[in-house]
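This report concerns only the one structure given below.
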Amino acid sequence: MRVRLKASAVVLALLLAGQAAALAQGGDDGEAARKAATAQANESGRAFAEGDFEKLLDYTYPRVIELGGGRKKLLADLKAETGKMREDGFEFVSYEAGEAGELVQLADPKLTAVILPAVLKMRAGGRVFRQPSYLVGVSTDGGRRWTFISGSSLDAARLKLVLPEAGDRLKLPKVGELEIESQ
């Protein structure tokens with residue numbers, strides 16, 4: 001009887017701890033985790049627009065860095081590509097994320113994902129161009145810290161390569177058409 005009571009007490013304590021963790025994240029709906037994802041996605045976007053690629057890579061999902069040849073190579077590639085675009089007359093204005101969507105538990109129970117709409121704005125030739133896209137946010141700590149995968153060239157096959165734990169749990173939105181915002 002005593003062993004059974006101890007086991008019940010342990011189970012109850014675990015359940016209460018789980019509820020406390022959910023409340024700490026903003027309740028059962030994960031509001032705090034979604035807000036953290038949105039805020040961190042916007043920090044990542046500011047880093048990109050300002051050319052702070054070290055910080056951008058801090059917010060990049062580690063497998064993307066690995067597949068890109070490692071941090072040093074990816075950093076050099078980012079600098080070269082954006083430098084070339086600047087030489088061609090493009091200026092990055094902003095990269096902003098909208099509100100994070102529904103949290104999705106992936107096949108690996110340590111991984112939570114979320115999709116965030118995003119918009120890249122660039123200026124060239126006296127015009128501002130707007131490119132709607134999205135980010136896939138991935139958290140390994142219940143939504144406090146997020147890293148991101150750009151949706152600009154992501155499809156189901158690439159998602160399986162970069163984030164195989166997603167399986168078919170994430171429904172990727174379509175990337176919008178490039179628009180001229182102003183002249």
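Computed from the coordinates by the stated procedures, all read-outs in this text should not be read as laboratory data. All values reported here derive from a predicted model rather than from experimental measurement. Positions of Cβ are backbone-derived with ideal geometry, glycine not excepted, and every protein chain shown enters the neighbour counts.
Pull out a ≥ b ≥ c, the square roots of the eigenvalues of the alpha-carbon gyration tensor of region 75-136, then state rounded if a/c is under 1.5, prolate if not and a/b is larger than b/c, and oblate in the remaining case.
Values: a/c = 5.36, a/b = 1.94, b/c = 2.76.
It is oblate, given that a/c is not under 1.5 and a/b is not larger than b/c.
What are the ³J(HN,Hα) couplings of region 106-117, residue after residue, when phi is run through the Karplus curve with 6.51, -1.76, 1.60 and θ = phi - 60°? Round to Hz, x for glycine and proline.
Here the 3J(HN,Hα) series is 8, 4, 7, x, 7, 9, 10, 10, 8, 9, 10, x Hz.
Bin width 5 Å, origin at 0, all Cα-Cα pairs of region 27-183: what percent of pairs per bin?
2, 9, 17, 21, 21, 15, 8, 4, 1, 0
Quick one: putting +1 on the C-beta of Lys and Arg, -1 on the C-beta of Asp and Glu, what dipole do you get for region 33-161 around its Cα centre, in Debye to the nearest 20? Don't jump to the answer; show the numbers that get you there.
Details: 20 positive and 17 negative charges, 9 e Å.
Computed charge dipole of region 33-161: roughly 40 debye.
With an 8 Å Cα cut-off and a minimum separation of 6 or more residues, compute the relative contact order for region 130-183 in percent. Kindly include the intermediate steps, with their values, before the conclusion.
Numbers: 48 pairs, mean separation 24.2, N = 54.
After rounding, I find 45 percent.
Using a cut-off of 30 Å between alpha-carbon atoms, which lysines can reach Lys121, once sequence neighbours fewer than 8 places away in the same chain are excluded?
The reachable lysines, counting only those whose Cα sits under 30 Å from Lys121, are Lys35, Lys55, Lys72, Lys73, Lys79, Lys84, Lys160, Lys171, Lys174.
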